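Okay, so here's the structure we're looking at.
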Amino acid sequence: MTRRLIILGLGILSCFDLAAQELEYYLQQAELHNPQIQAFELQYKAASEKVNEVNAVSDTEFRFGYFVSEPETRTGAQIFRVTVRQMIPWFGTISARENYAATLADAEYVEYVVAKRKLGLSVAQAYYRLNSIRSKQKVLKENIELLQTYQRLALTSLEVGNASAVDVLRLQIRQNEVEQLHQILEEEYLAERSRLNNILNRDQNTILTAEDKMIIPGEVEVTEPSDNGLMLNPELLRFDKIYESVVQSELLNKKEAGPNIGFGVDFVAVEERPDMDFSDNGKDILMPMVSLSVPIFSKKYNSRTIQNELKLKEIQAQKDQKLNILKTMLAEAQANKNSARIEFATQSKNLNQAKAAQKILLKSYETGTIDFNDVLDIQELQLKFETNQIDSTERYFIQSAIINYLTS
């Protein structure tokens, strides 16, 4: 049980760098209420109970026979016969069954852990997407306010003849486009909120809290996770457990190829002979019995051995293939994470330059030389850089979650 708790701790507690207390809360709620996790937990409990089932021996056999035509013997007529027999498997067979059932339960437990880790990854991804949408909405709202400020400036310039009605209309059109984007993002937010609430198994309209904005951590020299961390991933441990179950299956097969021993007793009721008087007259018959069931034709057991050998090779090949897939996923996640950091830094520089250009345009308004075409260009660039920044941040955290899922 200690080993199992360690596996679960690696899978859940260290699976994510929690960006906020809200995310930690959602992870806990998902583990408690998600129907899929509950189903996996029940499967594991059922597999664990299987150990108690295989611990039992075969059913005791009772036979009763009544002599319609009573056979006569020297001591009297036989009336009925009662037979009790119990077959017992060869020594060590029951222990082999228990070990096999236990390895199957361990395999189910790893499936349970994998499901919880995948659930946690889904919760984190949905949470980061929600944060991203909310951050974009905040940026759009700020841009709408900025465009409204520009519109007031354009109206003032129009009055003094330094701007045209076309400039005002362009600003209004741009403002309408930004408001449209804001409304579309609201629909995306509702859809993503519904997705996360469904994962948490609660009403899809439940209000969710999220941070206004996520920030990529500062540039820190951090050792990238190695492929060795992948070996602790439950998706690979699953194959180890299945491999062990096949090994135990073969040990059980060898035990079942041995003989079965039967113990029993046969009781025959005898009626007294009325015409005779002797010491054993009417004496009942009690006969202890021992039987031996020998599998002379062992072809099926040999076939099982060959099947198990092939299964072991198949499982090893599947594990190697899964390891290659996980390595590829890790390399891609690391590359995407680093790319997101680079993109974030570039967008930050561009954004600072766009804001500097914006200040220059506003100062030029004082001299009456403002060009509202430049205003729209800078506003569009600023919005682009800010949204790209948010996308880079979202991608950074999602890729971090994937890396932790793979290596923690």
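Counting only residues that are surrounded by 15 or more Cβ atoms within 10 Å (Cβ to Cβ) and modelled with pLDDT of 65 or more, which one in segment 214-228 is farthest from residue 408 (Cα to Cα)?
Of everything passing the filter in segment 214-228, 214 is farthest from residue 408 (Cα to Cα).
Yes or no: residue 118 surrounded by fewer than 18 Cβ atoms within 10 Å (Cβ to Cβ) and closer than 30 Å to residue 41 by Cα? Give the steps one after another, and end with the answer.
Values: surrounded by fewer than 18 Cβ atoms within 10 Å (Cβ to Cβ): yes; closer than 30 Å to residue 41 by Cα: yes.
Answer is yes for this residue.
Is it the case that residue 365 is touching a residue at least 60 places away in the same chain (Cβ under 8 Å) and surrounded by 11 or more Cβ atoms within 10 Å (Cβ to Cβ)? Full working, then the answer.
Working: touching a residue at least 60 places away in the same chain (Cβ under 8 Å): yes; surrounded by 11 or more Cβ atoms within 10 Å (Cβ to Cβ): yes.
Judged against the criteria, residue 365 is a match.
Cβ-Cβ contacts under 7 Å between residues 6 or more apart (or on different chains), taken from a first residue in segment 191-215 that is on the phi > 0 side of the Ramachandran plot and among the hydroxyl-bearing types (Ser, Thr, Tyr) to a second residue that is surrounded by 12 or more Cβ atoms within 10 Å (Cβ to Cβ) and at pLDDT 95 or above, are absent.
Among the residues making up segment 258-317, those that are within 30 Å of residue 238 (Cα to Cα), of a type in the set (A, V, I, L, M) and free of Cβ contacts under 8 Å to residues at least 24 places away in the same chain are 306, 310, 317.
Given 147, 169, 190, 158, which one is of a type outside the set (Ser, Thr, Tyr) and buried (at least 18 other Cβ atoms within 10 Å of the Cβ)?
On the way: 169 fails: buried (at least 18 other Cβ atoms within 10 Å of the Cβ); 190 fails: buried (at least 18 other Cβ atoms within 10 Å of the Cβ); 158 fails: buried (at least 18 other Cβ atoms within 10 Å of the Cβ).
Exactly one of 147, 169, 190, 158 is of a type outside the set (Ser, Thr, Tyr) and buried (at least 18 other Cβ atoms within 10 Å of the Cβ), namely 147.
Do you know which of the residues in segment 73-83 that are assigned to a strand (DSSP E or B) and on the phi < 0 side of the Ramachandran plot is modelled with the lowest pLDDT?
Just the residues of segment 73-83 that are assigned to a strand (DSSP E or B), to begin with: 73, 76-83.
From what's left, on the phi < 0 side of the Ramachandran plot: 73, 77-83.
Numbers: 73: 76, 77: 83, 78: 85, 79: 88, 80: 91, 81: 91, 82: 94, 83: 93.
My answer is 73.
Within segment 144-163, residues that are without any contact (Cβ under 8 Å) to a residue 60 or more places away in the chain and small (Gly, Ala, Ser) have Cβ atoms under 6 Å from residues that are in a helix (DSSP H, G or I) and surrounded by 12 or more Cβ atoms within 10 Å (Cβ to Cβ) in no pair, counting only partners at least 6 apart in sequence or on another chain. The set of residues in segment 53-92 that are touching a helix residue (DSSP H, G or I) at 6+ places or on another chain (Cβ under 9 Å) and loosely packed, with under 13 Cβ neighbours inside 10 Å comprises 53, 55, 56, 57, 91.
Does segment 234-241 contain any residue that is closer than 30 Å to residue 57 by Cβ, in a helix (DSSP H, G or I) and either at pLDDT 85 or above or basic (Lys, Arg) (or both)? Let's see the steps before the verdict.
Here is the first cut: in segment 234-241, the ones closer than 30 Å to residue 57 by Cβ are 241.
From the residues that got through so far, the ones that are in a helix (DSSP H, G or I) too are 241.
With either at pLDDT 85 or above or basic (Lys, Arg) (or both) added as a condition, the list becomes 241.
Yes, the conditions are met somewhere in segment 234-241.
Under the condition of being part of a helix (DSSP H, G or I) and without any contact (Cβ under 8 Å) to a residue 12 or more places away in the chain, which residue from segment 47-72 is farthest from residue 199 (Cα to Cα)? Applying the filter and picking the extreme gives 52. Return the residue satisfying two criteria in turn: it lies in segment 306-342 and is exposed (fewer than 14 other Cβ atoms within 10 Å of the Cβ) and of a type in the set (Val, Ile, Thr), and of such residues it is farthest from residue 257 (Cα to Cα). Only one residue fits best here, namely 342. Only residues that are without any contact (Cβ under 8 Å) to a residue 60 or more places away in the chain and in contact with a helix residue (DSSP H, G or I) (Cβ under 6 Å, 6 or more places away or on another chain) were counted in segment 115-143, giving 2.
Residue by residue, here is whether (1) in a helix (DSSP H, G or I); (2) in contact with a helix residue (DSSP H, G or I) (Cβ under 9 Å, 6 or more places away or on another chain); (3) of a type outside the set (Phe, Trp, Tyr); (4) on the phi < 0 side of the Ramachandran plot holds:
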| residue | (1), (2), (3), (4) |
| --- | --- |
| 280 | no, no, yes, yes |
| 300 | yes, no, yes, yes |
| 303 | yes, no, yes, yes |
| 312 | yes, yes, yes, yes |
| 316 | yes, yes, yes, yes |
| 326 | yes, yes, yes, yes |
| 332 | yes, yes, yes, yes |
| 336 | yes, yes, yes, yes |
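Between 207, 184, 144, 173, which is at pLDDT 95 or above and of a type in the set (A, V, I, L, M)? Please lay out each step first, then the result.
Working: 207 fails: at pLDDT 95 or above; 144 fails: at pLDDT 95 or above; 173 fails: at pLDDT 95 or above.
Going through 207, 184, 144, 173 in turn, the sole match is 184.
The values are calculated or read from the model by the stated rules, or taken from the named source; none is laboratory data. Note that the coordinates shown come from a computational prediction; the quantities given were computed from them, not determined experimentally. Glycine gets a Cβ as well: all are built from the backbone with ideal geometry, and neighbour counts include every protein chain shown.
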